[in-house]
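All remarks here apply to the structure that follows.
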Amino acid sequence: MAKCANPFANGGRRNPAYEPKKRNKYGAQRVGEHASRKEHNRAVQLKLWQRAGVISNLREQVPFELIPAQYSVDTATSRIAKPKLIERACRYIADFVYTDNETGQTIVEDTKGVRTKEYIIKRKLMLFRHGIRIKEV
C-alpha cells in the first residue's frame with residue numbers, strides 16, 4: 001500500500017506518520033532519560049565523581065514541595081465530606097541532589113540553558129521555604 005501525500009486521507013483521522021516531530025521550546029534535544037545534552041553530560045560527570053568517591057548519594061529528578069495543595073472544606077453540612085482541591089501543590093524538581101564528601105554538604109543542582117521567570121520564582125521559593133540554594137550549572 002502506497003503512502004498518500006494527504007495526511008488526512010486516513011478516513012479523516014490524523015496519521016502519526018505525517019506529524020512533524022515536536023520541538024522543545026528552547027531547542028534542547030532529549031538524550032536518553034535527560035531533558036538536554038547538557039544535563040546528560042553533567043549526569044555522566046557526576047556518576048564518574050561518585051565512582052571516584054568525590055561525591056555520594058547521587059539522586060536525579062528529586063521533587064521538593066514549595067507550596068502545598070490548597071483544599072476547601074464544606075462547613076455548611078455537618079457530615080464529613082471529601083475536601084475539594086482548589087489549587088494543586090507547586091513543586092520544584094531538581095536535576096541532581098548529592099552529598100559532597102569533602103564538606104559533607106548536600107548539594108541541589110540544576111542544569112540551566114535558559115533561566116525562565118518560572119524557574120527564578122521557584123529558586124527563590126526553595127531558598128525561602130527550605131533554606132536551600134540551588135547550584136546552577
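Read-outs throughout are calculated quantities, based only on the coordinates presented, and are distinct from any laboratory measurement. Since the model is a prediction, treat every value here as computed from it, not as a measurement.
Can you compute log10 of I(q)/I(0) for segment 27-136 with the Debye formula, treating each Cα as one identical point scatterer, at q = 0.09, 0.17, 0.20, 0.21 Å⁻¹? For the requested q values the scattering log ratios are -0.35, -0.88, -1.10, -1.17.
Past 32 Å, Cα to Cα, is the threshold; run K84/K124; K84/K117; K82/K112; K82/K135; K84/K112 against it and keep the listed order. In this structure, K82/K112; K82/K135; K84/K112 exceed 32 Å between Cα atoms. Remark: segment 94-137 projects, on average over all directions, an area of 3.2 nm² (convex hull of Cα atoms).
Were the residues from I67 through Y26 laid out at 0.36 nm apart, the gain over their Cα-Cα distance would be 12.1 nm.
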